[in-house]
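Worksheet: the structure to be examined is printed underneath.
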């Protein structure tokens, strides 16, 4: 159901970022300086220091910040390469996996749902994904690497009454096993995080979010 | 050297502008693995060029051969 058809109450409030305007202005200034150097083959020391060293470097710092911010978006995750796109598309279509259940109930943010826990670790993982994409060093079906991150569930659920009332959650042995990474939430007691059909890297990139 | 540095910087800046205009996985990969090395090379060349010109100016100021009949003079 399209939010625009339902009325303004169902449209997410705009949250524009203007960092890109600053970035484009700095990059354009740097290009102007560099064009003079390229065409004339000479320039002043001050112009070279500003236009070929300071401005370009600052432009890339801004670009890096911009990329960090944009890479939080779910649409960004699905925009890049074949393996991730079906996972993102399944958020809006699948009805059984944990990720889609959370997504469709609005239990997670629809803009930056993928990596809202542990920004630094997520960025490190993102860089690894980039390298895997370039080198093609991945295999289908995709598999979870390492122990399941129970903290990503506890971040919201640990303090809810419904979660606390569940008898299994009160079992101390199970608690220890979960916190040590021996047992995870998904796949054992709860459905898998993503549908199996989305782990084989087929289908175009159709992000469910912005 | 200046022309090469300028060309590298221009290409690197075009890459970052592409990221601003279309922030997606592909442009992020190009920014990280193509744009950044190009920028590093361009900035490095520019620094070398600036230092060489700066050194040439300093040497010219203390070189008596540049001043006919003048005594050697060290710049303050």
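Every number here is computed from the coordinates shown, using simple stated rules; none is lab data. Values in this document were obtained by computation on a predicted structure and should not be read as measured data. Because the Cβ atoms are built from the backbone with ideal geometry, glycine has one as well, and the counts that use them run over all protein chains shown.
Couple of notes before you dig in:
- Annotation for residue A:190 and residue B:30: the two label points, set 7 Å from Cα along the Cα-Cβ direction, are 3.9 nm apart.
- Label-point separation, residue A:14 to residue A:144 (7 Å along Cα→Cβ), nm: 4.0
- Taking A:68, B:1, A:84 and counting other C-beta atoms within 10 Å, the order from fewest to most: B:1, A:68, A:84
- Separation in nanometres of the label points that stand 7 Å from Cα toward Cβ, at residue A:5 and residue A:25: 4.2
- Placing R0 at 30 angstrom, the Cβ-Cβ distance between residue A:92 and residue A:124 gives a FRET efficiency of 0.60 after rounding to 0.05.
- Mean Cα-pair separation over length for chain A, i.e. relative contact order, pairs under 8 Å, 6 or more apart, %: 29
- In plain terms, if you count all Cα to Cα distances in region A:112-194 and split them into 5 Å steps from zero, the share in each step is 3, 11, 18, 23, 18, 13, 8, 4, 2, 0 percent.
- Relative contact order %, region B:2-64, counting alpha carbon pairs below 8 Å whose residues are six or more apart: 45
- Gained length - residue A:58 relative to residue A:159, 0.36 nm times residue gap less alpha-carbon distance: 32.0 nm
- Tail weight of P(r) past 33 Å, computed on alpha-carbon pairs of the protein assembly as shown, percent: 44
- Angle of helix A:19-40 to the longest C-alpha principal axis of chain A, folded into 0 to 90 degrees and rounded to 10: 30°.
- Stokes-Einstein D in µm²/s, Kirkwood radius over Cα pairs - region B:2-64 at 25 °C with 0.890 mPa s viscosity: 188
- Least to most buried among A:138, A:18, B:20 (fewest other Cβ within 10 Å first): A:18, A:138, B:20
- Rg/Rh for region A:148-207, where both radii come from Cα atoms and Rh is the Kirkwood radius: 1.09
- Once the gyration tensor of the Cα atoms in region A:1-108 is diagonalised, the equivalent ellipsoid follows with semi-axes of 44, 16, 11 Å, ordered largest first.
- Nearest-ten-degree value, helix A:119-135 long axis tilted from longest Cα axis of chain A: 70
- Within the listed set A:131, A:45, A:55, the Gaussian network model of chain A (springs between alpha-carbon atoms below 10 Å) gives the highest mean-square fluctuation for A:45.
- For region A:67-179: relative contact order, % (alpha-carbon pairs under 8 angstrom, 6 or more apart): 18
- Residue B:18-residue A:44 FRET efficiency (beta carbon distance; Förster radius 35 Å; 0.05 resolution): 0.75
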